[in-house]
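Worksheet for the structure shown next.
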Amino acid sequence: MWQWRVQNVMTTDVVTASVDAPVAELVTLLRKRRIGAVPIVDDFGVVLGMVTWSDLHEIIDIVEPESPRRWWQRAFSPRLVWPEGTAAGVMNGPPMTIGADASLTAAARLMHKHGVGRLLVVGADRGLRGIVSRSDLFKVHDRLDAVIRDDVVNHVLLDELRIRPGSVHVRVEDGEVTLTGDTAHRTTALAAARTAALIPGVTDVDNQLGSEADDTASRSCRREVTPSFPKTLRKCHSTVRGLRNNRAATSGLVKPSATSRAICRS
């Protein structure tokens, strides 16, 4: 079943910095781009760590001027002094990463588990491919109704269930999918509704599908009969085995008796 992946919502235009970038350059980069963190990569684009505003705040020095006498000295005091270190000394790592083909559910669980608001998206070579944030995960709910309808028709009805074109009609309004028409079997109609609900952006499914044959009862009957059969068979075998053992002990002969056949038939 087709579903949105991290690669469908991630940001690919990621601002990065080298491991030897000065701290002052990192501050300028964060402020200029209005971002909260910057990945640190090596010359091959492999992610080494991450520098956030929290990391930088821990190394800020606040300098108080000595007895400011003039008004302009008091106006510009105190002042912040950034250390002369590089990204290698302030970054934290390795950062949390995820693959581009991971599901949005997996990304959300990873963020929640580690208490982070963003994940770096990397390839098999650990090279940076993008970044995904919590807000990116909600992009799935901003999909247009026309796009959702195309997914239901193409991926659910045609690809998954092989329903003949024109037999089922799909209407989408504000994310709510309405299915009308007829299918050959009732189980197919139920599967269409369940599968359509998995399409990204779908908020509800109104299943109004009819069916030419109701095969739900026969499938339910098979589910009820099948589990009990092995148990009955095992009971029959156990009983016959006991009778055979008793008969062998008394007469030395092992032959099926009328009693054992009657038990198996019951």
(message) If you take every residue apart from ALA184 with its C-beta less than 13 Å away from the C-beta of ALA184, what net charge results, scoring Lys and Arg +1 and Asp and Glu -1?
(response) -1
(message) To make sure I understand, if each residue's beta carbon is the centre and we count other beta carbons within 10 Å, what order do HIS185, HIS114, HIS155 fall in, fewest to most?
(response) HIS114, HIS185, HIS155
(message) Can you give the FRET efficiency to the nearest 0.05 for GLN3 and GLU84, using r as the Cβ-Cβ distance and R₀ = 45 Å?
(response) 0.40
(request) Scan around GLY181 for amide H atoms under 5 Å from its own, H built in the peptide plane at 1.01 Å from N, and keep only partners 5 or more places away or cross-chain. (result) HIS169, GLY210
(request) Please get the size of the charge dipole for the range 143-213, origin at its Cα centre, with Cβ charges of +1 on Lys and Arg and -1 on Asp and Glu, quoted in debye to the nearest 20. (result) 260 debye
(request) Would you mind ranking SER211, SER167 so that the residue whose beta carbon has the fewest other beta carbons within 10 Å leads the list? (result) SER167, SER211
(request) Would you mind counting up the charge near GLY130? Only other residues with Cβ under 10 Å from its Cβ, with Lys and Arg at +1 and Asp and Glu at -1. (result) -1
(request) Could you tell me what percent of the DSSP beta bridges with both partners in the range 143-213 are antiparallel, to the nearest 5? (result) 40 percent
(message) Based only on other Cβ atoms within 10 Å, what is the fewest-to-most ordering of LYS113, LYS139?
(response) LYS113, LYS139
(request) Taking the Cβ of VAL90 as the centre, find all other residues whose Cβ is under 9 Å away and add up their charges (Lys, Arg: +1; Asp, Glu: -1). (result) -2
(request) Would you please give the residues with an amide H less than 5 Å from that of ASP215, counting only those at least 5 places away or on a separate chain, with H modeled from the backbone geometry? (result) ARG186, THR187
(request) Apply 1/(1 + (r/R0)^6) to the Cβ-Cβ distance of SER54 and GLU176, taking R0 = 35 Å, and write down the FRET efficiency to the nearest 0.05. (result) 0.25
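Every read-out reported here was derived from the displayed coordinates using simple, explicitly stated rules and does not represent laboratory data. Just so it is clear, the model here is predicted, and its values are computed rather than measured. Cβ: placed from backbone, ideal geometry, glycine included. Neighbour counts: every protein chain shown.
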